[in-house]
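Notes for the one structure printed next.
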Amino acid sequence: MTSLTLAGIRKRFGKVDVIRGVDLRVADGEFVVFVGPSGCGKSTLLRMIAGLEDISEGELRIGDRIVNEVQPAKRGVAMVFQSYALYPHLTVRDNMGFGLKVRGVPPHERRQRVEAAAATLKLDALLQRFPRELSGGQRQRVAIGRAIVGEPDVFLFDEPLSNLDAELRVHMRSEIASLHKRLGNTMIYVTHDQIEAMTLADKIVVLRDGQVEQVGTPRQLYERPGNLFVAQFIGSPKMNILPIEAVAGKLPGQPKTASLVGVRPEDLELTEPGSGFVDARILISEYTGASSLLHVQLPSGQVFLVAHDGEAPPADTSVGLAVEPGRLHFFADSGRRAD
Amino acid sequence: MGGLTQKQLRIVNQVCWTLALAVAAIPFVFPFLWMISSGFKSASEIFGSPSLVPREWQWRNFVDVFTYQPFARQYFNSLYIALTVTALTLVISSLAGYALARLRFAGAGLISLFLVSALMVPEEVTMIPNFFLIKWAGLIDTHWPLIMLPVFGPQGIMATFLMRQYFLALPRELEEAGKMDGLSRFGVWWRIALPMSRPALAAVAIITFLNSWNLFLEPLIFISSLEKFTLPLALSNFTDPYGTPLWHLQLAATTLAVLPILIVYLIAQRQIIESFALSGVKG
Ligand SMILES: Nc1ncnc2c1ncn2[C@@H]1O[C@H](COP(=O)(O)OP(=O)(O)OP(=O)(O)O)[C@@H](O)[C@H]1O
Ligand SMILES: [Mg+2]
């Protein structure tokens, strides 16, 4: 089976450095998710792995082969595009079998493999249809089917669910998860969606400006973000950050080098004024059903978010904010985690 | 008007439009019908009776057309030349258009500029150098200039730009999917870009075929032997020894000459409509 190694990968478009030195190891069978703000180079990196973009510098290995100069179709990778990119002039069957046909797989085998993939994805009844006659979710399944049929070593997904509505998205997400479980292939997945990233990934790669900020399991990134950027990028709503001087007294576990402290909205609890680590006044409370999102103002003027279960106090109430000691994140001036 | 339902209103609306369009179509359709009917009349009846239905059906006209001059041969000339020009133009314009749309090569901008500027030069200006070129090549009184000039001239360039625009609008991801499926650059063009460009190809085919079919100036300049004539020349050649047109023959011949255009138009139009339904990544 297949692991993947990126060593010192760089990409330049003209004079612009888009990927600025990425080192990454993807183990065999791992589900890796790339996340990062728009324009950080997730798609570019994925397309370099696919072979759709040249690699300006560095070395890409798939298995034990250096594939920098290998054609896309010979890398043993398959890609599912955001727009699905189904061939509009071919039926579902021909769409799925197209790659096999190009590779010269004989018709009866082609038929078998297309039908096996169609059965897996519940597409049997749609094989004679054209893409325009399918719903969004069905098209998405055909796009995945087209990738499966080629029996690639590595699957690449570029925001495959972003064109689906919320409900279908949740459904397809679980289908992709079970597909990964069943096939056991290495998969690399690009998304904007936190929940997708957290639920699907064995390993998340956080990218910013063409560089890797942190690599880790969803739990590691959430519980021990390596720097301010990751801390604020992972988790929703975003982590609250406060200069350490704004806190009266010393916080438990506070390292010497720390200059900023972070705490997640869901880790904050309301207490009596004066009994928490900092006081605050409630500005607004947004009721979201399961819980309320409170906007509270600290004496320093800064606004914090608090995820609060149960009855929310009315606006203008003074409260204290408490937090379990282990739930505080300390950062140095440089933005790196300090502990 | 308060008594009309939505549906009745729609019908009234439709009837009015149909009538208006029918009236507007008269100036276009009438000469066409007149041509066909006159093709069946005797020379004297054409100007004698204004009726669209011939008093006496002169089927003989359609036989005389072929005996007066080698009309079958001339008809074939036009047909094979137009088909050749159309085929060559389709191949070249779709290849060149694709290259201009998708390949990044040195001098691409310069080539585009050069081609566009060639479009600005009127045909009257290029005719004389072209004539000397053809003469120098020894191709006077052959069909070569009738094929080469349209394919590589302004019409070919127009077709190339039309194709280029169409290719530019095709979603790139489809072609990338083709690459991932193992297609070569040429394969992507042939098996993905081309099938998706049927409306553009059909448009180019219609325009090119029509142009070649109606070409008059070039055959007039380059062709002198009767059996090498193309239709437009042949049609103007149905005259008596004094140069007066033999209207009944000319109109019968013209009626025959229009048929292929109708056929090409019908085929190409179906392509255009069908493929509009197909186009687009998402429906
Ligand atoms: N062909 C190209 N030529 C020049 N610049 C490009 C090209 N493709 C991408 N870029 C630039 O590279 C950067 C990264 O683009 P990329 O598409 O990889 O971002 P992304 O992380 O996928 O963003 P998004 O989340 O919005 O999809 C962007 O600044 C983009 O403008
Ligand atoms: Mg992207």
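The values are calculated or read from the model by the stated rules, or taken from the named source; none is laboratory data. Being a predicted model, the structure only gives us computed values, none of them experimental. For neighbour counting, all protein chains shown are included, and Cβ atoms are generated from backbone atoms with ideal geometry for every residue, glycine included. With ligands, DNA and RNA removed, areas are computed over all heavy atoms of the protein, side chains included. Shrake-Rupley method; radii C 1.70, N 1.55, O 1.52, S 1.80 Å.
A:ARG10 - would you say it is surrounded by fewer than 22 Cβ atoms within 10 Å (Cβ to Cβ), within 16 Å of ligand 1 (Cβ to nearest atom), at pLDDT 95 or above and within 14 Å of chain B (Cβ to nearest Cβ)? When the stated conditions are applied, A:ARG10 does not pass them.
Is it the case that B:GLY182 is open to solvent by less than 60 Å² (accessible area, probe 1.4 Å) and either more than 14 Å from chain A (Cβ to nearest Cβ) or within 23 Å of B:LEU90 (Cβ to Cβ) (or both)? Answer is no for this residue. Taking B:PHE132, is it in a helix (DSSP H, G or I), crowded, with 18+ Cβ neighbours inside 10 Å and either away from chain A (no Cβ under 14 Å) or within 21 Å of the chain's Cα centre (by Cα) (or both)? In short, no.
A:ARG132 - would you say it is surrounded by 13 or more Cβ atoms within 10 Å (Cβ to Cβ), within 30 Å of the chain's Cα centre (by Cα) and within 14 Å of another protein chain (Cβ to nearest Cβ)? Considered against the rule, which asks whether it is surrounded by 13 or more Cβ atoms within 10 Å (Cβ to Cβ), within 30 Å of the chain's Cα centre (by Cα) and within 14 Å of another protein chain (Cβ to nearest Cβ), A:ARG132 comes out as yes.
For the stretch A:23-38, indicate whether the set of residues that are within 16 Å of ligand 2 (Cβ to nearest atom), assigned by TED's automatic domain parsing to the domain that holds A:LYS203 and farther than 20 Å from A:MET187 by Cβ is non-empty. Among the residues of the stretch A:23-38, at least one is within 16 Å of ligand 2 (Cβ to nearest atom), assigned by TED's automatic domain parsing to the domain that holds A:LYS203 and farther than 20 Å from A:MET187 by Cβ, which makes the answer yes.
Put simply, of A:ILE19, A:ILE9 the only residue that is assigned by TED's automatic domain parsing to the domain that holds A:ALA197, part of a strand (DSSP E or B) and within 16 Å of ligand 2 (Cβ to nearest atom) is A:ILE19.
Here are some residues: B:ALA118, B:ALA159, B:ALA177, B:ALA106. Which one is away from chain A (no Cβ under 14 Å) and either within 30 Å of A:LYS74 (Cα to Cα) or in a loop (DSSP other than H, G, I, E, B) (or both)?
Of B:ALA118, B:ALA159, B:ALA177, B:ALA106, the one residue that is away from chain A (no Cβ under 14 Å) and either within 30 Å of A:LYS74 (Cα to Cα) or in a loop (DSSP other than H, G, I, E, B) (or both) is B:ALA106.
Considering the stretch A:114-125 alone, what residues qualify as being of a type outside the set (Ser, Thr, Tyr) and either more than 14 Å from every other protein chain (Cβ to nearest Cβ) or without any contact (Cβ under 8 Å) to a residue 24 or more places away in the chain (or both)?
Of everything in the stretch A:114-125, those that are of a type outside the set (Ser, Thr, Tyr) and either more than 14 Å from every other protein chain (Cβ to nearest Cβ) or without any contact (Cβ under 8 Å) to a residue 24 or more places away in the chain (or both) turn out to be A:GLU115, A:ALA116, A:ALA117, A:ALA118, A:ALA119, A:LEU121, A:LYS122, A:LEU123, A:ASP124, A:ALA125.
Among the residues of the stretch A:155-170, which ones are under 17 Å from A:SER3 (Cα atoms) and either away from ligand 2 (no atom under 16 Å from the Cβ) or out of contact with any strand residue (DSSP E or B) (no Cβ under 7 Å at 6 or more places or on another chain) (or both)?
Step one: list which residues in the stretch A:155-170 are under 17 Å from A:SER3 (Cα atoms), which gives A:155-157.
The answer is A:PHE155, and nothing else.
Of the residues making up the stretch B:69-83, those that are under 12 Å from the mean Cα position of the chain (by Cα) and surrounded by fewer than 18 Cβ atoms within 10 Å (Cβ to Cβ) number 2.
Every residue, every condition in (1) more than 14 Å from chain B (Cβ to nearest Cβ); (2) buried (at least 17 other Cβ atoms within 10 Å of the Cβ); (3) touching a residue at least 12 places away in the same chain (Cβ under 8 Å); (4) within 16 Å of ligand 1 (Cβ to nearest atom), yes or no:
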residue: A:LEU24; (1), (2), (3), (4): yes, yes, yes, yes
residue: A:PHE34; (1), (2), (3), (4): yes, yes, yes, yes
residue: A:GLY39; (1), (2), (3), (4): yes, no, no, yes
residue: A:MET48; (1), (2), (3), (4): no, yes, yes, yes
residue: A:GLU57; (1), (2), (3), (4): yes, no, yes, yes
residue: A:ARG65; (1), (2), (3), (4): yes, no, no, no
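B:LEU168 meets all of the listed conditions (1) open to solvent by 20 Å² or more (accessible area, probe 1.4 Å); (2) touching a residue at least 24 places away in the same chain (Cβ under 8 Å); (3) closer than 20 Å to B:PHE229 by Cα but one, namely (3).
Regarding B:PHE32, is this residue under 17 Å from B:LEU246 (Cβ atoms), outside any loop (DSSP other than H, G, I, E, B) and within 28 Å of the chain's Cα centre (by Cα)?
Details: under 17 Å from B:LEU246 (Cβ atoms): no; outside any loop (DSSP other than H, G, I, E, B): yes; within 28 Å of the chain's Cα centre (by Cα): yes.
It is false that B:PHE32 is under 17 Å from B:LEU246 (Cβ atoms), outside any loop (DSSP other than H, G, I, E, B) and within 28 Å of the chain's Cα centre (by Cα).
Among the residues of the stretch B:185-214, those that are open to solvent by 60 Å² or more (accessible area, probe 1.4 Å) and either among the small types (Gly, Ala, Ser) or within 14 Å of another protein chain (Cβ to nearest Cβ) (or both) comprise B:ARG185, B:PHE186, B:TRP190, B:ARG191, B:ARG198. Mind listing whichever residues of the stretch A:71-122 are within 16 Å of ligand 2 (Cβ to nearest atom) and in contact with a strand residue (DSSP E or B) (Cβ under 7 Å, 6 or more places away or on another chain)? Those that are within 16 Å of ligand 2 (Cβ to nearest atom) and in contact with a strand residue (DSSP E or B) (Cβ under 7 Å, 6 or more places away or on another chain): A:MET79, A:VAL80, A:PHE81, A:GLN82.
The number of residues in the stretch A:302-339 being open to solvent by 40 Å² or more (accessible area, probe 1.4 Å) and not in a strand (DSSP E or B) comes to 15. Taking every residue in the stretch B:38-63 that is of a type in the set (Gly, Ala, Ser) and pairing it with any residue that is surrounded by fewer than 16 Cβ atoms within 10 Å (Cβ to Cβ) and not in a helix (DSSP H, G or I), at least 6 positions away or on another chain, the pairs with Cβ-Cβ distances below 8 Å are B:SER42/B:GLU56; B:SER49/B:ARG55.
Could you list, in sequence order, all residues of the stretch A:13-22 that are within 12 Å of A:VAL206 (Cα to Cα) and loosely packed, with under 14 Cβ neighbours inside 10 Å? Reasoning before the result, please.
So the first thing to find is which residues in the stretch A:13-22 are within 12 Å of A:VAL206 (Cα to Cα), and the list is A:22.
Scanning the stretch A:13-22 gives no hits.
Can you tell me which residue among B:LEU119, B:LEU139, B:LEU146 is more than 30 Å from B:SER184 (Cβ to Cβ) and touching a Ser or Thr at 6+ places or on another chain (Cβ under 9 Å)? Reasoning before the result, please.
Values: B:LEU119 fails: touching a Ser or Thr at 6+ places or on another chain (Cβ under 9 Å); B:LEU139 fails: touching a Ser or Thr at 6+ places or on another chain (Cβ under 9 Å).
Going through B:LEU119, B:LEU139, B:LEU146 in turn, just one is more than 30 Å from B:SER184 (Cβ to Cβ) and touching a Ser or Thr at 6+ places or on another chain (Cβ under 9 Å): B:LEU146.
The stretch A:211-274 holds strands (runs of 3 or more DSSP E) entirely within its bounds, and those carrying 3 or more residues that are within 20 Å of A:THR199 (Cα to Cα) and either free of Cβ contacts under 8 Å to residues at least 60 places away in the same chain or assigned by TED's automatic domain parsing to the domain that holds A:VAL35 (or both) map to A:211-216. State whether the residues of the stretch A:182-200 include one that is within 16 Å of ligand 1 (Cβ to nearest atom), under 25 Å from A:ASP333 (Cα atoms) and either away from chain B (no Cβ under 14 Å) or surrounded by fewer than 19 Cβ atoms within 10 Å (Cβ to Cβ) (or both). Checking the stretch A:182-200: not a single residue is within 16 Å of ligand 1 (Cβ to nearest atom), under 25 Å from A:ASP333 (Cα atoms) and either away from chain B (no Cβ under 14 Å) or surrounded by fewer than 19 Cβ atoms within 10 Å (Cβ to Cβ) (or both). Scanning the stretch B:140-160 for residues that are among the hydrophobic types (A, V, I, L, M, F, W, C) and closer than 17 Å to B:VAL85 by Cα yields B:TRP144, B:LEU146, B:ILE147, B:MET148, B:LEU149, B:VAL151, B:PHE152, B:ILE157, B:MET158, B:ALA159.
More than 16 Å from ligand 2 (Cβ to nearest atom), within 14 Å of the chain's Cα centre (by Cα) and open to solvent by 20 Å² or more (accessible area, probe 1.4 Å): does that describe A:ARG173? Judged against the criteria, A:ARG173 is a match. Of the residues examined, A:ARG103 is one that is surrounded by fewer than 17 Cβ atoms within 10 Å (Cβ to Cβ), in contact (Cβ under 8 Å) with a residue 24 or more places away in the chain and within 12 Å of another protein chain (Cβ to nearest Cβ).
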